[in-house]
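Inspection log for the structure reproduced underneath, given as structure tokens.
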Amino acid sequence: MAPRTLPLGPTASLHNHTVWSDGEEEMAVMIRAARDAGLAVFGISDHWVCRPDGLVEDWAMPAHRLPDYVEALLAFRQQLETDSFRLLIGLEVDFFEENAAEVMAHLAQFPLDYTIGSAHFVGSFPVDHTREDWLQLGGQRHIDDIYHAYWQKLLHLCQSGLYDLVGHLDLPKKFAFRPSYDDGPEIEAVLQALRDSGMAMELNTAGWAKDCRDAYPAAAIVARAQRLGIPIAISTDSHHPSHIGRFVPEALQRLGGQLP
Ligand SMILES: [Zn+2]
Ligand SMILES: [Zn+2]
């Protein structure tokens with residue numbers, strides 16, 4: 001399936017979580033907060049994680065709840081949409097090479113407006129859970145291994161073309177553990193695959209509040225993506241109403257005024 005054309009730009013916000021996964025607030029609270037903040041388009045994208053090893057993550061939506069999730073959002077659309085405010089139904093889907101096509105074929109039966117393809121794991125290593133996970137890797141060589149494997153996984157994610165939007169492209173930097181080698185060529189391959197896929201990339205502002213103190217992805221990657229003509233959506237990855245609109249001016253500055 002070709003990626004859908006999404007409403008991008010600073011008055012659209014597509015990457016947001018609620019208590020249906022690891023967000024802190026109910027859908028209604030988040031939606032009303034987005035509407036009150038003056039957004040024109042707001043999408044909820046709770047976590048959908050279907051691990052190939054069958055392990056269940058407590059920060060993701062239980063699989064059997066998806067029909068209720070969609071139904072709840074359809075009902076809120078009826079109640080809360082106005083002429084100047086649209087609510088979209090999204091899902092942040094974890095990418096695993098082993099089952100990605102199968103997972104997306106399953107999701108195609110639901111009236112989702114879009115999906116975000118994200119990688120939170122390298123093998124079974126969770127890249128964005130805790131700083132301790134990174135410390136326990138046991139040194140720079142292992143950190144480098146995580147980066148190599150992560151970029152390889154992102155390359156496959158982008159080549160798959162299965163999603164509408166690619167989430168937090170350089171997420172492994174979250175706790176400020178950086179590779180000791182130049183991963184520029186690996187990133188370039190990922191960006192070229194992303195451009196060829198027709199999917200969009202997000203500029204995710206949440207990283208500015210993390211140890212890395214930088215949005216995902218870094219300025220140089222954003223600049224390269226712009227030169228390649230990759231559509232870019234600003235997103236805040238909100239898990240609380242106070243995150244809505246957070247660091248959006250900084251994101252606009254990073255885009256150099258070149259809005260999608
Ligand atoms: Zn994520
Ligand atoms: Zn997220």
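The values are calculated or read from the model by the stated rules, or taken from the named source; none is laboratory data. Keep in mind the model is a prediction, meaning the values are calculated, not measured. Glycine gets a Cβ as well: all are built from the backbone with ideal geometry, and neighbour counts include every protein chain shown.
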Among Arg178, Arg195, which is surrounded by fewer than 21 Cβ atoms within 10 Å (Cβ to Cβ), away from ligand 2 (no atom under 16 Å from the Cβ), among the basic types (Lys, Arg) and more than 18 Å from the chain's Cα centre (by Cα)?
Arg178
If I ask for residues that are away from ligand 1 (no atom under 16 Å from the Cβ), without any contact (Cβ under 8 Å) to a residue 12 or more places away in the chain and of a type outside the set (A, V, I, L, M, F, W, C), which ones from the range 57-76 would you list?
Pro62, His64, Asp68, Glu71
Right, Ser124: within 16 Å of Pro52 (Cβ to Cβ), loosely packed, with under 14 Cβ neighbours inside 10 Å and either hydroxyl-bearing (Ser, Thr, Tyr) or within 16 Å of ligand 1 (Cβ to nearest atom) (or both) or not?
yes
Can you go through Phe42, Phe76, Phe110 and tell me which one is among the aromatic types (Phe, Trp, Tyr), buried (at least 17 other Cβ atoms within 10 Å of the Cβ), at negative phi and under 20 Å from the mean Cα position of the chain (by Cα)?
Phe42
So which of Arg195, Arg227 is free of Cβ contacts under 8 Å to residues at least 12 places away in the same chain, farther than 14 Å from Asp170 by Cα and more than 16 Å from ligand 1 (Cβ to nearest atom)?
Arg227
Just name the residue that is nearest to ligand 2 (Cβ to nearest atom) out of those in the range 2-29 that are touching a Gly at 6+ places or on another chain (Cβ under 8 Å) and over 12 Å from Gly245 (Cα atoms).
His17
Of the candidates Gly38, Gly23, Gly54, the one satisfying the condition of being without any contact (Cβ under 8 Å) to a residue 24 or more places away in the chain and either assigned to a loop (DSSP other than H, G, I, E, B) or more than 17 Å from Arg86 (Cα to Cα) (or both) is Gly54
Verdict on Asp211 being away from ligand 2 (no atom under 14 Å from the Cβ), at pLDDT 95 or above and not in a helix (DSSP H, G or I):
yes
Total residues in the range 75-93, condition over 18 Å from Leu165 (Cβ atoms), touching a Leu at 6+ places or on another chain (Cβ under 9 Å) and not in a loop (DSSP other than H, G, I, E, B)
4
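Condition check ((1) within 16 Å of ligand 2 (Cβ to nearest atom); (2) not charged (D, E, K, R)) across all residues:
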site	(1), (2)
Arg51	no, no
Pro62	no, yes
Arg77	no, no
Ser118	yes, yes
Thr130	no, yes
Gln136	no, yes
Gln140	no, yes
